[in-house]
Amino acid sequence: MRGGRQIVPMLRLMTGDLVLDEPDDFDLSDLPALARLVHWAGLLGARVLVSSATLPPALIQGLFMAYLEGRRWFQRNRGARPSEAPSVCCLWIDEFAQTHADCPDTERFGQAHQTFAADRARRLGEQAVRRMVRLLPLPGELGKLDQASRRGAFAGLLRDAALDLHAVHCTEDPHSGKRISFGLIRMANIDPLFEVALALFRLGAPPGVHVHLCVYHARFPLFLRSRIEHLLDTALDRRQEAAVFDLPDVRRRIDAVEARDQLFVVLGSPVTEVGRDHDYDWAVVEPSSMRSLIQLAGRVWRHRRDKAVSQPNLLVCDSNLKHFDRPGQPAFCRPGFESPDYPLRPHRLTALLAPWLDGDQRMPIDARPRIVARAGSDRLPAGNLVDLEHVRMEHQMLPPERVHALNATSFWLRDHARLTAFLQQAQPFRDQPQPDVEVVWLPDEDDVLRLYRVEEGERRFLELHVCIDASQRWDVPDAAVRGEGIGCWSVEEDFARCMADQAEALGLSLDAFAQRYARATLPASEQGWFWHPALGFAVKG
């Protein structure tokens, strides 16, 4: 907005191209800032690449409108024929075909995009089904329990669902004859996930079964999260399906346990949905949106393109914990598209996904519900999960019906809006009611690791470290991450020893390594945070 900080980003846009990977993963409130960026790309003559398997039509249409308006100004000021309106060359690419069109207006673009999306939807429908959903009913009695008991009961439902999927989709280890599967349990929010993980360790596994549990979310120190991701990237590369059984880490864990049935389970947050080239045998999902469900389904049988599923390999809870924690309030939100202004009734997927479910509450799942919207007369945004997402995207990305309403079009549609910083202030990027807290593990004079809060110093790039180790760090005992028939998959050795080994491998002192790689970004909390190396951080509330 001011102070010269816009100059470097402008120079980058003037001399390069803009790539937006998974733009539909942004929160709705962040889309105005994204539209401003795309408008500037057009204004400065850059090309824009938008990449995602689940692009809704309203999002791509709104971004094109922003780009075209910027490109018109570029043509007037920099074009060889300033008096002519620009005709933007647009290209559509997927695994089936490529097509292009010169689009002088939004109507031509909309027609070309709709044709491409409809053809893609047809081809997706002709493919062999690799992911099939079945709904997992959650009993109404969950709402009558206190929060701790609810988490325990939910953990039991997730464990039983995982065992059912393992029985159908396991693979025999060629070396030992044991039955092995790799599965994902996706939860919508980190703090409930932390509590459910502890409940799973308490619950354990039935006789003859062992669970190797890896907790994976965004609230780990950077080096620890990187280590978890490297572990998963290696184990979940299933292009050669039996190769995983020769990996030293997996081989050691299988051989160390006598149980014939062994489940390698990732209990993860929404970070598991995008950006990871992982292939799971099955998944159990706590729902938040259709978009996240489709993205997560893309991690199941991701590398096994020549196979077709005959029985469901995704179990999706027919509601989520928010529905029971906060009855009568929006449940499919944060993440999700529901809000007080756009409520869903009821909060059961048996009703919200009714058009796509068969009599056994099953459905094949791919990108079709996201890339092609139903006709306006057929929409039920208050009673259909997919319709709600399309309606909310249209209200945010396309010109509003009410003249004074603010949305992503306001920046380029309103005369003189770009002459002030009002919209940047009214529609900021990644706005939060309460800013996050950055923490870092640092060694003291005896090389004992302690937790510090990072604060800004008096000068730019100068940090202050406030020790909060005794007041806001609450350690979870090691005994809490062990149970009968269950153990940690990701982190086993001492946290301090792990950090020291990583620092030595990089040729850094422990202090220099910690300053750079032992950081984590956490929600603000007056009471502090629970912590364990195998579980990460969770808010103490």
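Miscellaneous remarks
- Pair list, Cβ under 6 Å, 6 or more apart: segment 287-300 residue closer than 23 Å to Arg392 by Cα, other residue aromatic (Phe, Trp, Tyr): Ser288/Phe332; Ser289/Phe337
- Among the residues of segment 254-290, the one identified as more than 14 Å from the chain's Cα centre (by Cα), among the small types (Gly, Ala, Ser) and over 22 Å from Ala243 (Cβ atoms) is Ala259.
Yes/no matrix, rows are residues, columns are (1) at pLDDT 95 or above; (2) outside any loop (DSSP other than H, G, I, E, B):
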| residue | (1), (2) |
| --- | --- |
| Val284 | yes, yes |
| Leu296 | yes, yes |
| Arg304 | no, no |
| Val316 | yes, yes |
| Ser319 | yes, no |
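- Here is the figure for segment 75-90: residues that are under 20 Å from Gln61 (Cβ atoms) and surrounded by 12 or more Cβ atoms within 10 Å (Cβ to Cβ) total 5.
- Single residue of segment 192-213 satisfying the filter (in a helix (DSSP H, G or I) and not aliphatic (A, V, I, L, M)) that is nearest to Trp489 (Cα to Cα): Phe201
- Screening Leu165, Leu203 for residues that are buried (at least 21 other Cβ atoms within 10 Å of the Cβ) and either among the hydroxyl-bearing types (Ser, Thr, Tyr) or in the same structural domain as Ala283 (by TED's automatic domain parsing) (or both) leaves exactly one candidate, Leu165.
- Here Ala426 meets each of (1) hydrophobic (A, V, I, L, M, F, W, C); (2) out of contact with any strand residue (DSSP E or B) (no Cβ under 9 Å at 6 or more places or on another chain); (3) in contact (Cβ under 8 Å) with a residue 24 or more places away in the chain with one exception, condition (3).
- Pairing each residue of segment 499-525 that is outside the structural domain of Leu224 (by TED's automatic domain parsing) and more than 17 Å from Ile228 (Cα to Cα) with any residue that is aromatic (Phe, Trp, Tyr) and buried (at least 20 other Cβ atoms within 10 Å of the Cβ), provided the two are 6+ apart or on different chains, yields C-beta distances under 6 Å for Ala514/Trp441; Leu522/Trp529; Leu522/Phe537.
- Within segment 503-540, the set of residues being buried (at least 19 other Cβ atoms within 10 Å of the Cβ) and within 21 Å of the chain's Cα centre (by Cα) comprises Ala520, Leu522, Ala534, Leu535, Gly536, Phe537, Ala538.
- Among the conditions (1) outside the structural domain of Pro56 (by TED's automatic domain parsing); (2) free of Cβ contacts under 8 Å to residues at least 60 places away in the same chain; (3) surrounded by fewer than 14 Cβ atoms within 10 Å (Cβ to Cβ); (4) β-branched (Val, Ile, Thr), Thr350 misses just one, which is (2).
Residue-wise test of (1) farther than 24 Å from Asp281 by Cβ; (2) of a type in the set (Phe, Trp, Tyr).
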| residue | (1), (2) |
| --- | --- |
| Gln147 | yes, no |
| Arg151 | yes, no |
| Asp164 | no, no |
| Phe182 | no, yes |
| Ala197 | no, no |
| Gly204 | no, no |
| Phe220 | yes, yes |
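- Segment 40-68, residues that are assigned to a helix (DSSP H, G or I) and within 26 Å of Val372 (Cβ to Cβ): Pro57, Ala58, Leu59, Ile60, Gln61, Gly62, Leu63, Phe64, Met65, Ala66, Tyr67, Leu68
- Flag if Arg430 is more than 30 Å from Thr234 (Cβ to Cβ) and assigned to a strand (DSSP E or B): no
- Residue check for Arg219: in contact with a Gly (Cβ under 6 Å, 6 or more places away or on another chain), basic (Lys, Arg) and in contact (Cβ under 8 Å) with a residue 40 or more places away in the chain: yes
- Among all residues of segment 323-335, there is at least one that is out of contact with any helix residue (DSSP H, G or I) (no Cβ under 9 Å at 6 or more places or on another chain) and surrounded by fewer than 17 Cβ atoms within 10 Å (Cβ to Cβ).
- Test for Gly359: is it surrounded by fewer than 20 Cβ atoms within 10 Å (Cβ to Cβ), over 24 Å from Arg120 (Cβ atoms) and under 25 Å from the mean Cα position of the chain (by Cα): no
- Scanning segment 383-392 for any residue that is in a loop (DSSP other than H, G, I, E, B) and not assigned by TED's automatic domain parsing to the domain that holds Asp501 turns up at least one such residue.
- Among the criteria (1) farther than 28 Å from Asp306 by Cβ; (2) surrounded by 14 or more Cβ atoms within 10 Å (Cβ to Cβ); (3) in contact (Cβ under 8 Å) with a residue 60 or more places away in the chain, the one Asp255 does not fulfil is (2).
- Scan of segment 324-378 for residues that are farther than 14 Å from Val133 by Cβ and not in a loop (DSSP other than H, G, I, E, B), ordered by number: Phe324, Asp325, Cys333, Phe337, Ser339, Tyr342, Ala351, Arg370, Ile371, Gly376, Ser377, Asp378
Yes or no, residue by residue, for (1) more than 30 Å from Ala503 (Cβ to Cβ); (2) small (Gly, Ala, Ser); (3) out of contact with any His (no Cβ under 8 Å at 6 or more places or on another chain); (4) not assigned by TED's automatic domain parsing to the domain that holds Ala66:
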{"position": "His416", "(1), (2), (3), (4)": "yes, no, yes, no"}
{"position": "Gln432", "(1), (2), (3), (4)": "yes, no, yes, yes"}
{"position": "Trp441", "(1), (2), (3), (4)": "no, no, yes, yes"}
{"position": "Asp446", "(1), (2), (3), (4)": "no, no, yes, yes"}
{"position": "Arg459", "(1), (2), (3), (4)": "no, no, yes, yes"}
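- Filtering Ile185, Ile190 for residues that are in contact with an Asp or Glu (Cβ under 9 Å, 6 or more places away or on another chain), buried (at least 17 other Cβ atoms within 10 Å of the Cβ) and β-branched (Val, Ile, Thr) leaves a single hit, Ile185.
- Single residue of Arg239, Arg252, Arg276, Arg227 found to be basic (Lys, Arg) and more than 30 Å from Asp24 (Cβ to Cβ): Arg252
- Among residues of segment 477-500, those that are buried (at least 18 other Cβ atoms within 10 Å of the Cβ) and within 27 Å of Glu526 (Cα to Cα), counted: 1
- Scanning segment 271-290 for residues that are of a type outside the set (S, T, N, Q) and surrounded by 22 or more Cβ atoms within 10 Å (Cβ to Cβ) yields Glu273, His278, Tyr280, Asp281, Trp282, Ala283, Val284, Val285, Glu286, Pro287, Met290.
The values are calculated or read from the model by the stated rules, or taken from the named source; none is laboratory data. This structure is a prediction, so every number in the text was calculated from the model and none was measured. Because the Cβ atoms are built from the backbone with ideal geometry, glycine has one as well, and the counts that use them run over all protein chains shown.
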